[in-house]
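These notes are about the structure you will find just below.
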Amino acid sequence: MNYHVKDISLAQEGKKKIDWAEAHMPVLVALRHKYEDEKPLKGIKIAGCLHVTKETGVLARVLQSVGAELAWCGCNPLSTQDDVAASLATDEHISVFARRGVSTREYYDDIRSVMAIEPNITIDDGADLTIEMHKDMMAKSVIYGGTEETTTGVVRLRALQTAGKLKYPIIAVNDAETKHDFDNVYGTGQSALDGIIRATNILLAGKNVIVAGYGHVGKGIAKRAAGMGCNVTVTEVDPIAALKAKLDGFSVSQMLSASATGDVFITTTGCKGVISEEEIVRMKDGAILANAGHFNVEISIPAIEAQSTNSTRINEHTVQYKLKTGSRIYLIAEGRLVNLAAAEGHPSEVMDMSFANQFLSVMKLAESKGSMKPLVYNVEISQDREIALAKLESMRIQIDNLTDEQRLYLEGFSEGT
Ligand code: ADE
């Protein structure tokens, strides 16, 4: 569904939000200043499939100001901020196909609408656009490559590569250190709890919080929850990650035993069926369930429905299920990404680095003009360092430099003491 803007005041609200984000994204803004006269993306068509938030609004503005032609859709049915979409459509004249609360059919229609510009570059979060591009529309595009923002998307695209079916190069933005070590950890750590608080306003202090998965996202959430006074238990399938969680000071147990004690459950694994019927029937009265992984498959909603006698929406974000066991459990945001569906996503300061990585990766693909092989590429360390230094500079933090003597010491092997 194209974005028909009827409500100018919605767009005005969105513009103010994007302006706010822009004021907190100095690295991305510095990149715009560096390239806007030269317009290196002139003539390049970009199809974007990222959560339509105020931070994405800044990225879209910056890409457009350096010459790109854009069409944009959301990458999750519940994460679009309609005021931001309205501002991008009205103030920036970008083709936006996104609205909060679209059906699955509308969601895929929106993806196909951005594909209709016949993009040279795709920007994706979760790989839905890239996979659709692989199905048929690609034939029409002169495609140079794409970028992928998130762990789940990179996993899917590496699987496509392993199957020998990846048709164009992808830069795994997620795998840059200045992305996943900050966005996934501190961004989700804060915004997932923000979503749970906005949806329920519970007091977190003293609660038993069960975090499923101890990757970057799980780590961030566990740390922030502990900081707010929660008793955190981590569940894992990976022995190394489980051990790290234990030595970081958290309890570690199986989901089945945690299910009887948890007040709040937060899934972060990227896998399906993490909370299933077996666990649901054990849950305490009042248990709250939220997901911070990319897709709504981690908490089994069919299992909740099978075990419940009725359901009631208690507010915009939360549905109460009355279980046959007599307990009431509360599902936030239909099991979709809680930080984006019930809150505003990661703060601008952290998206600054993620989207600086997106911008520089798009520039690299544009420069390649299609000469890169169809593989999944990591961001180069020089890009990571450039972004980290720019971020530090924006925070007025200076770091030390190695002396020549120190560099020679580190590069050599003969001098020990
Ligand atoms: N993913 C997580 N938080 C986000 C945000 N604020 N904008 C775009 N994508 C996001």
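The values are calculated or read from the model by the stated rules, or taken from the named source; none is laboratory data. Quick caveat: nothing in here was measured; it's all calculated off a predicted structure. Quick reminder, even Gly has a Cβ in these numbers, built from the backbone with ideal geometry, and neighbours come from all protein chains shown.
I need a count of the residues in the range 149-182 that are without any contact (Cβ under 8 Å) to a residue 60 or more places away in the chain, crowded, with 18+ Cβ neighbours inside 10 Å and charged (D, E, K, R).
Here the count works out to 1.
Does GLY293 count as assigned to a loop (DSSP other than H, G, I, E, B), under 22 Å from ALA258 (Cβ atoms) and touching a residue at least 60 places away in the same chain (Cβ under 8 Å)? Write out each step before concluding.
On the way: assigned to a loop (DSSP other than H, G, I, E, B): yes; under 22 Å from ALA258 (Cβ atoms): yes; touching a residue at least 60 places away in the same chain (Cβ under 8 Å): yes.
Answer is yes for this residue.
For the range 253-279, enumerate the residues that are more than 23 Å from ARG328 (Cβ to Cβ) and surrounded by fewer than 18 Cβ atoms within 10 Å (Cβ to Cβ). If you could, list the steps in order and put the result at the bottom.
Of the residues in the range 253-279, the ones more than 23 Å from ARG328 (Cβ to Cβ) are 253-254, 268-272.
Answer for the range 253-279, where residues must be more than 23 Å from ARG328 (Cβ to Cβ) and surrounded by fewer than 18 Cβ atoms within 10 Å (Cβ to Cβ): SER253, GLN254, CYS271, LYS272.
Can you tell which of LYS42, LYS17 is surrounded by fewer than 23 Cβ atoms within 10 Å (Cβ to Cβ) and more than 27 Å from GLU132 (Cα to Cα)? Full working, then the answer.
Details: LYS42 fails: more than 27 Å from GLU132 (Cα to Cα).
None of the other options fit; the residue is LYS17.
Looking at the structure I just gave you, is SER394 within 16 Å of the ligand (Cβ to nearest atom) and among the hydroxyl-bearing types (Ser, Thr, Tyr)?
Considered against the rule, which asks whether it is within 16 Å of the ligand (Cβ to nearest atom) and among the hydroxyl-bearing types (Ser, Thr, Tyr), SER394 comes out as no.
Could we say that GLY189 is closer than 15 Å to PRO347 by Cα and within 16 Å of the ligand (Cβ to nearest atom) here?
Considered against the rule, which asks whether it is closer than 15 Å to PRO347 by Cα and within 16 Å of the ligand (Cβ to nearest atom), GLY189 comes out as yes.
Note down all Cβ pairs under 6 Å where the first residue falls in the range 350-366 and is among the hydroxyl-bearing types (Ser, Thr, Tyr), the second is part of a helix (DSSP H, G or I), and they're at least six residues apart or on different chains.
SER354/LYS179; SER354/ASP183; SER361/VAL173
Which condition from (1) of a type in the set (Gly, Ala, Ser); (2) touching a residue at least 12 places away in the same chain (Cβ under 8 Å); (3) more than 18 Å from MET133 (Cα to Cα) is the one that SER9 breaks?
(2)
Which members of the range 38-54 meet the condition of being away from the ligand (no atom under 16 Å from the Cβ) and assigned to a helix (DSSP H, G or I)?
none
Does any residue of the range 337-349 turn out to be surrounded by 16 or more Cβ atoms within 10 Å (Cβ to Cβ), out of contact with any Gly (no Cβ under 6 Å at 6 or more places or on another chain), of a type in the set (D, E, K, R) and touching a residue at least 12 places away in the same chain (Cβ under 8 Å)?
yes
Looking only at the range 218-235, decide whether some residue is without any contact (Cβ under 8 Å) to a residue 12 or more places away in the chain, surrounded by fewer than 24 Cβ atoms within 10 Å (Cβ to Cβ) and of a type in the set (A, V, I, L, M).
no
If you go through the range 55-107, how many residues are in a helix (DSSP H, G or I) and either of a type in the set (Ser, Thr, Tyr) or without any contact (Cβ under 8 Å) to a residue 12 or more places away in the chain (or both)?
Of the residues in that region, 7 qualify.
How about the range 11-37: which of its residues are part of a helix (DSSP H, G or I) and either modelled with pLDDT under 95 or out of contact with any helix residue (DSSP H, G or I) (no Cβ under 9 Å at 6 or more places or on another chain) (or both)?
Correct list: HIS33, LYS34.
Just to be sure I understand, how many residues within the range 236-275 are under 25 Å from GLY153 (Cα atoms), of a type outside the set (A, V, I, L, M) and not in a helix (DSSP H, G or I)?
10
From ILE202, ILE171, ILE123, grab the single residue that is within 14 Å of the ligand (Cβ to nearest atom) and either outside any helix (DSSP H, G or I) or modelled with pLDDT under 95 (or both).
Checking each option against the conditions leaves just ILE123.
What residue, among those in the range 321-376 that are among the hydrophobic types (A, V, I, L, M, F, W, C) and part of a loop (DSSP other than H, G, I, E, B), is nearest to the ligand (Cβ to nearest atom)?
Going through the range 321-376, the residues among the hydrophobic types (A, V, I, L, M, F, W, C) turn out to be 323, 329, 331-333, 337-338, 340-343, 350-351, 353, 355-356, 359-360, 362-363, 365-366, 372, 375-376.
Adding the requirement that they be part of a loop (DSSP other than H, G, I, E, B) leaves 342-343, 372, 375.
Working: ALA342: 12, ALA343: 9, MET372: 25, LEU375: 25 Å.
Top of the filtered list is ALA343.
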